[in-house]
Amino acid sequence: MAINRSSAVRTDLPFLSRRVKPRAAAPAAPPAAAAPRTAPAAAPAARTTPVAPSARRTTPGTPAAPSTPAAPRTAPASPAPGSLSLSPPPRQAAPAASPSLSLGLSPRAEAASSRAAANAPVRPASSSGAPAPVRAEPVHSRLFPAPGMGDLRSLDRQNPVLRLTPMESAVGSLVVAGTVRAVWEGDGYSTGSVSSGEFRPENLEGVMVSTPGNRPLVGYEGDLALIPLRHVRKLRRALFFPKPKQPLSVGLYNGKSVTIPARASERSFYVLSVIRIGEVLELRAEELPFGMEFKAIWEAFGFSMTTRLPYQGR
C-alpha cells in the first residue's frame, strides 16, 4: 500500500478542506506614544473567503498558495459626531509636563521676576505652619532726622526742634522749670490748663486728665511742671508758658537738660511745645510776639478748653 508522504494539502478529501489552519498573524505594532486627537478610521480587516474545493485542487506534489495574513489591529477611531456608538473614546496620552515656570513673559521680564523672587525676604514660619505676621514699623523711625537731648544746649531760631529717644520718653518724668502756666490735651481730646503753684480749682481751665497712678497727666509740684512719662501714651500734646523775662529749662531722669532763652528778639519770646509722635516726645521752641494773653496763645495752637459739668452724679 502506497503512503502519501507529501506535505501538500490533501485535496482529494473534501471534508478535510476546512480543517486547514491559517498561519499565525504578524504581531501587532506597539501603540504610539501620543495618539492624534482625530485618527482616520482604519480600514476593516480583510476577511478570508473560504475557497471552493474545486479551486483548491492542485496537482499532486505542488504546494498550495499560502493564505493571506490578517491585517494588524489598529487603535479604534473616535466616534463621529452624532454617532450612536457606545464604545468609549480612545484614551489619549497626557502631554508631557513642561519644567519651565514661564508665564509667557519676555526674557527680560522673566529675569527680573526671578531676581525679585531671590531678593524677597523670607518670613519666618510660626509653629502652626502659617507665616508669622509682619511687625509694623514704628512711627518715629519714619520721621525726619532731628537732634537729641545731648546734642543741643538750647532751643532757638537756629535749632528749634529736639526729639527724645523712646527710652527718654518713657522713663521718669519730664520736668519743666520757669513756667507760669501749662496747657494739655489727652488721648481722648480732653483739654485743660492750670497755673503754677499750689492747685486751686479757680486756677483750672477745662478738665484734669488723671492717670492710673492717681496723678495728673500734666501738673505742678511747687513751681516745677511735671509730665509723668510712665503714662505718656495718654498725652497728645502740651504747651508751657514762661515767666516774664525768664528762660525755660527742661530736664530728664538721666541728667540731660536743655534751655530755652527768655527772648527770641526784642519783640518776641518763646513758648515750649511738647508733642507725642508715636512713642517719642518732640520738643519745640515756638516764637510768639509780646503782649498776647494766655487764652489767645492756646487758641492759636488749636486748643479749646473742655467744658466742665457743674455736677457729676454717682
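The values are calculated or read from the model by the stated rules, or taken from the named source; none is laboratory data. Only a predicted model underlies this, so the values are computations on that prediction, with no experimental measurement involved. We place every Cβ from the backbone using ideal geometry, glycine too, and count neighbours over all the protein chains shown.
Side notes on the structure shown:
- Entirely in the stretch 226-314, the strands (runs of 3 or more DSSP E) that have 1 or more residues that are in contact with a Ser or Thr (Cβ under 8 Å, 6 or more places away or on another chain) and among the polar types (S, T, N, Q): 248-251, 257-260
- Which numbered condition Arg276 fails, given (1) of a type outside the set (Asp, Glu); (2) loosely packed, with under 13 Cβ neighbours inside 10 Å; (3) in contact (Cβ under 8 Å) with a residue 24 or more places away in the chain: (2)
- Apart from one condition, Arg267 fits all of (1) of a type outside the set (A, V, I, L, M); (2) farther than 24 Å from Pro147 by Cα; (3) in contact (Cβ under 8 Å) with a residue 60 or more places away in the chain; (4) exposed (fewer than 14 other Cβ atoms within 10 Å of the Cβ); the exception is (3).
- Hits in the stretch 141-193 (condition: out of contact with any strand residue (DSSP E or B) (no Cβ under 8 Å at 6 or more places or on another chain), of a type in the set (Gly, Ala, Ser) and in contact (Cβ under 8 Å) with a residue 24 or more places away in the chain): Gly150, Ala170, Gly172
- Residue check, Arg181 outside any loop (DSSP other than H, G, I, E, B), within 18 Å of Val280 (Cβ to Cβ) and at pLDDT 90 or above: no
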